[in-house]
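Coordinate-derived values only; no laboratory data. Being a predicted model, the structure only gives us computed values, none of them experimental. Note that each Cβ is placed from the backbone with ideal geometry, even for glycine, and that neighbours are counted across all protein chains shown.
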Amino acid sequence: MNLKSIDIERIDEITKDRKMTIKILNYLVEVEEAEKEAHLQHHKELIQAAMEKGIKFGRPRKEKPENWETIKNDIRQEKIPVEEAIKQLNVCRATAYRWLKEE
């Protein structure tokens, strides 16, 4: 239902009563809200069912390269700056800092 296209004056002409027009509009709003809530609930159920089947949502995490431990130790011992490590790892800054935080 698209409530944006309702012509209030036209409803007034049909009902010849402003109070009735307001009641009709309130009813239509309630129906729209109920439909929206039902749609959202159904969407949540579908997501839950997919997750129970093991389906993962979102972008896959980037795997740490084989030389991660060496680079991580070099960063912690301040042998190389994080910016240099980011270039060596070929990852974005957020990924590098998330990996450092995880350990």
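Below are the figures for this structure:
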{"quantity": "Most positive-pole-ward Cα, V29, A50, T70, against dipole of the chain from beta carbon charges", "calculated": "T70"}
{"quantity": "Candidates A38, A49, A85: whichever shows maximal mean-square fluctuation once the chain is modelled as a Gaussian network with Cα springs under 10 Å", "calculated": "A85"}
{"quantity": "Karplus (6.51, -1.76, 1.60) ³J(HN,Hα), θ = phi - 60°, over the range 67-80, in Hz, Gly and Pro reported as x", "calculated": "8, 4, 4, 5, 5, 4, 5, 5, 5, 5, 8, 6, 7, 9"}
{"quantity": "Largest-first principal axis extents of the Cα set of the chain (Å)", "calculated": "82, 32, 17"}
{"quantity": "Cα centre as origin, Lys/Arg/Asp/Glu Cβ charges: the range 3-52 dipole, Debye", "calculated": "200 debye"}
{"quantity": "Net lengthening on full extension, E83/D17 (0.36 nm per residue, minus Cα-Cα)", "calculated": "16.7 nm"}
{"quantity": "Size of the range 23-80 as Cα extents on the principal axes (Å, biggest first)", "calculated": "73, 28, 12"}
{"quantity": "Straight-distance crosslink candidates among lysines, where the alpha carbon sits under 28 Å from K53 and sequence neighbours closer than 8 are dropped", "calculated": "K36, K44, K62, K64"}
{"quantity": "Given charges at beta-carbon only (K, R positive; D, E negative), |dipole| of the chain in Debye", "calculated": "340 debye"}
{"quantity": "Residues L40, L89, sorted so that the one with the fewest Cβ neighbours within 10 Å comes first", "calculated": "L40, L89"}
{"quantity": "Of the trypsin sites (Lys or Arg not before Pro) in the chain, those whose Cβ has at most 13 other Cβ within 10 Å and which sit in DSSP loop", "calculated": "K16, K53, K56, R61, K62, K79"}
